[in-house]
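The values are calculated or read from the model by the stated rules, or taken from the named source; none is laboratory data. These numbers come from a predicted model, not from an experiment. Because the Cβ atoms are built from the backbone with ideal geometry, glycine has one as well, and the counts that use them run over all protein chains shown. Please note that ligands, DNA and RNA were not included when accessible areas were found on the heavy atoms of the full protein model with its side chains. Shrake-Rupley method; radii C 1.70, N 1.55, O 1.52, S 1.80 Å.
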Amino acid sequence: MLRLRLERCQVLQQSFRASHQLFSQPPDRECCSDCLLVRQRLAASFQATAAYYESWEQITSQQLQAIQRGEPAPAMPVPRFELHLPPGVPEQLPPSVDRCSRCQHNLDYYLHQEKQRQAAKARHGDEPVSL
C-alpha cells in the first residue's frame, strides 16, 4: 500500500510541477481579459499542490523505509497546503463577466481541489498519520 501511495505521489507531483511550468508561461494569445490573472492564480495553486504531494512522498518514503528495516512506521503530521500568491493576485478572484467559460471552469475546478486539500488538513490538524 505504501509503495502505491509513493508512486501516486510521485506521479501527481510531476504532473502538478508540469502544470505549474505551463501556466507560469504567458499564453500564446489571451482568451479573455482575465486570462493572465487566472493563469497566475492557477500556477500558484499548482506549485502549492506539487509541494503538498512532495511532502506526502517524503512521509511515505520514511514510513516505507522504517517498515523495510523491520521497524514500525513512524506517525507523521499531515502535510500543510501552503499557497504563496504572487503580488497582485488575490486568493479568491471576484466574479467577472469578462472571464471566458474555459478560464472560469479551470478556476472553479482547481480551487475546489485546493479547498479539499485544505479541508483534509483542517480535519486532521497536526494529528500524526501512520498505518
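With contacts taken as Cα pairs under 8 Å at a separation of at least 6 residues, the chain carries a relative contact order of 31 percent.
At 1.4 Å probe size, with every protein chain present, just tell me what the per residue accessible area of the chain comes to in Å².
Working: 8230 Å² over 131 residues.
With the other protein chains kept in place, the chain gives 63 Å² per residue.
Please return the longest stretch of the chain lacking exposed loop sites, where GluC sites (Glu not before Pro) count only if DSSP places them in a loop and at most 12 other Cβ atoms lie within 10 Å. So the longest stretch without any such site is 1-81. Taking a point 7 Å out from the Cα of residue 29 in the direction of its Cβ, the residues of the range 74-102 whose backbone N falls within less than 20 Å of it are 98-102.
Averaging Cα coordinates gives a centre for the range 37-52 and one for the range 99-124; these two points are 11 Å apart.
Counting only protein heavy atoms and a probe of 1.4 Å, the accessible surface of the chain is 51% carbon and sulfur.
Kindly provide the trypsin sites (Lys or Arg not before Pro) of the range 24-127 that DSSP labels as loop, not H, G, I, E or B, and whose Cβ sees at most 14 other Cβ atoms within 10 Å.
Working: sites: 29, 39, 41, 69, 80, 99, 102, 115, 117, 121, 123; in loops: 29, 69, 80, 99.
Passing sites in the range 24-127 are 29, 69, 80.
What number, rounded to the nearest 500 deg cm²/dmol, is the helix-based mean residue ellipticity at 222 nm of the chain, given -39500 (n - 2.57) per DSSP H run of at least four residues and division by all its residues?
The per-residue figure over the chain is -22000 deg cm²/dmol.
With +1 on each Lys and Arg Cβ and -1 on each Asp and Glu Cβ, how big is the dipole of the chain about its Cα centre, in debye rounded to the nearest 20?
Details: 15 positive and 14 negative charges, 48 e Å.
That gives a dipole near 240 debye.
The relative contact order of the range 1-58 comes to 54 percent, based on Cα pairs under 8 Å that sit 6 or more residues apart. When the Cα positions of 86, 24, 76 are compared along the charge dipole of the chain, 76 comes out farthest toward the positive end, with charges on each C-beta of Lys, Arg, Asp and Glu.
What number, in nm² with one decimal, is the all-direction average of the projected area of the convex hull of the alpha-carbon atoms of the range 4-131? Working shown, then result.
Details: hull surface 34.9 nm².
Average of the hull's projected areas for the range 4-131 equals 8.7 nm².
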